[in-house]
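A.B. asks: Supplied in structure tokens, the structure appears directly below.
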């Protein structure tokens, strides 16, 4: 129910309840008064509680709501990364997840929407936000490993998904993926999440802004509305994708660093190139070596949940 | 409570007692608090408004409705309908 209806209704009910309370003695005596009491003190509040609760739960699934806590804003910026290897970025920029509910689309089991323990986690976030030590950017970690089903609710049994040979290959296997026995996010697969630590070195992409299309004119004017969506303190495209390794660190620095470097190379060579979904480049994603310039596969892995083979390699 | 010994005709029950009025005032009080917090949350949802609504407002409304039911039960007992 939209706020324009709900809000006046709540205010009217408050007035009614106040009047009923003040004139309780008289109301309780007569038949009409009793009906009014039933409506005002039981029916309407019950209805409004349900409608308001439903609306609050609905609204809290909006991206806007997630971003109302400052510690979440780097994750918004990460949706603008100009590198399709980054999952949230490629999904967001191509509308593969609904824009308005982008965060919730992938974090489906998050707090309100998850089971009881997820709800308790939500309380913990609120506590941390208001009273605790908010972790520094990039230091927030998932409480429990990202479950495949969050990806699979969109990708399961889809042709594009099942036809990718890596999904059927030795590191994965459809059954194991569907059963959550191997993670979609394991090293060497879709291991580039939000990359919030590297944000300052990343190129970004915003809808409606194509500086390279009109080199002669300044790119003011258009896209103002869109800019509001992305309040980005450091301003558009003037960041340098410089030495990504410098600030690396964190879960997947090897690949992230490499991808950043790769991106820089790509941008320098051919700044106008923008991959689209139907671009043959899509296949690049599924190559054995996801980031061509990456030394990643040979790099020792650190703290990730392990697929079997690297673990075996490590044991002897 | 049911100390009324006179025969009661349902339509013209004796006037409400003081405790009943008090109960209804409490009901109204709780409902107003709860609905006010809900109104704020509906008008501008943010963590700062959602949390008070969820943890104070909603329980207040539920409690108010419960008190109203207590009132109804008492009333029915008083009028010998129960």
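A.B. asks: Could we say that residue A:132 is surrounded by 11 or more Cβ atoms within 10 Å (Cβ to Cβ), within 14 Å of chain B (Cβ to nearest Cβ) and part of a loop (DSSP other than H, G, I, E, B) here?
C.D. replies: Answer is yes for this residue.
A.B. asks: Given the options A:116, A:209, name the one that is more than 30 Å from residue A:54 (Cα to Cα), out of contact with any strand residue (DSSP E or B) (no Cβ under 9 Å at 6 or more places or on another chain) and at pLDDT below 80. First the steps, then the outcome.
C.D. replies: Values: A:116 fails: more than 30 Å from residue A:54 (Cα to Cα).
Of A:116, A:209, the one residue that is more than 30 Å from residue A:54 (Cα to Cα), out of contact with any strand residue (DSSP E or B) (no Cβ under 9 Å at 6 or more places or on another chain) and at pLDDT below 80 is A:209.
A.B. asks: Now a separate question. Report whether or not residue A:66 is without any contact (Cβ under 8 Å) to a residue 60 or more places away in the chain, closer than 30 Å to residue A:208 by Cα and within 11 Å of chain B (Cβ to nearest Cβ).
C.D. replies: When the stated conditions are applied, residue A:66 passes them.
A.B. asks: Please tell me if residue A:15 is farther than 30 Å from residue A:205 by Cα, more than 9 Å from every other protein chain (Cβ to nearest Cβ) and at pLDDT 90 or above. I'd like the intermediate steps shown before the answer.
C.D. replies: Values: farther than 30 Å from residue A:205 by Cα: yes; more than 9 Å from every other protein chain (Cβ to nearest Cβ): yes; at pLDDT 90 or above: yes.
So residue A:15 passes the test.
A.B. asks: For residue A:92, state whether it is part of a helix (DSSP H, G or I), within 10 Å of the chain's Cα centre (by Cα), more than 19 Å from residue B:53 (Cβ to Cβ) and at pLDDT below 90.
C.D. replies: In short, no.
A.B. asks: Return a yes/no flag: does segment A:20-34 have any residue that is surrounded by fewer than 18 Cβ atoms within 10 Å (Cβ to Cβ) and closer than 29 Å to residue B:53 by Cβ.
C.D. replies: The answer is yes, given that some residue of segment A:20-34 is surrounded by fewer than 18 Cβ atoms within 10 Å (Cβ to Cβ) and closer than 29 Å to residue B:53 by Cβ.
A.B. asks: Restricting attention to segment B:26-82, and to residues there that are in a loop (DSSP other than H, G, I, E, B) and within 7 Å of chain A (Cβ to nearest Cβ), which single residue is farthest from the chain's Cα centre (by Cα)?
C.D. replies: If we take residues in segment B:26-82 being in a loop (DSSP other than H, G, I, E, B) and within 7 Å of chain A (Cβ to nearest Cβ), then B:46 is farthest from the chain's Cα centre (by Cα).
A.B. asks: Additional query: Check segment A:48-56 and report whether any residue there is surrounded by fewer than 17 Cβ atoms within 10 Å (Cβ to Cβ) and either without any contact (Cβ under 8 Å) to a residue 24 or more places away in the chain or out of contact with any strand residue (DSSP E or B) (no Cβ under 7 Å at 6 or more places or on another chain) (or both).
C.D. replies: Looking through segment A:48-56, at least one residue is surrounded by fewer than 17 Cβ atoms within 10 Å (Cβ to Cβ) and either without any contact (Cβ under 8 Å) to a residue 24 or more places away in the chain or out of contact with any strand residue (DSSP E or B) (no Cβ under 7 Å at 6 or more places or on another chain) (or both).
A.B. asks: In addition: State which residue is modelled with the lowest pLDDT when the search covers only segment B:33-46 and only residues that are surrounded by fewer than 21 Cβ atoms within 10 Å (Cβ to Cβ) and touching a helix residue (DSSP H, G or I) at 6+ places or on another chain (Cβ under 7 Å).
C.D. replies: B:43
A.B. asks: OK, next. Please state which of the following conditions residue A:51 fails to meet, knowing it meets all the rest: (1) within 19 Å of residue B:65 (Cα to Cα); (2) modelled with pLDDT under 90.
C.D. replies: (2) is the only condition that residue A:51 fails.
A.B. asks: Something else about it: Please go through segment B:47-80 and pick out each residue that is surrounded by fewer than 19 Cβ atoms within 10 Å (Cβ to Cβ) and touching a residue at least 60 places away in the same chain (Cβ under 8 Å).
C.D. replies: Those that are surrounded by fewer than 19 Cβ atoms within 10 Å (Cβ to Cβ) and touching a residue at least 60 places away in the same chain (Cβ under 8 Å): B:74, B:77, B:79, B:80.
A.B. asks: Please determine whether any residue of segment A:20-35 is more than 8 Å from every other protein chain (Cβ to nearest Cβ), in contact (Cβ under 8 Å) with a residue 24 or more places away in the chain and more than 34 Å from the chain's Cα centre (by Cα).
C.D. replies: No, segment A:20-35 contains no residue that is more than 8 Å from every other protein chain (Cβ to nearest Cβ), in contact (Cβ under 8 Å) with a residue 24 or more places away in the chain and more than 34 Å from the chain's Cα centre (by Cα).
The values are calculated or read from the model by the stated rules, or taken from the named source; none is laboratory data. What you see is a predicted model, and the numbers here were worked out from it, not measured in a lab. For neighbour counting, all protein chains shown are included, and Cβ atoms are generated from backbone atoms with ideal geometry for every residue, glycine included.
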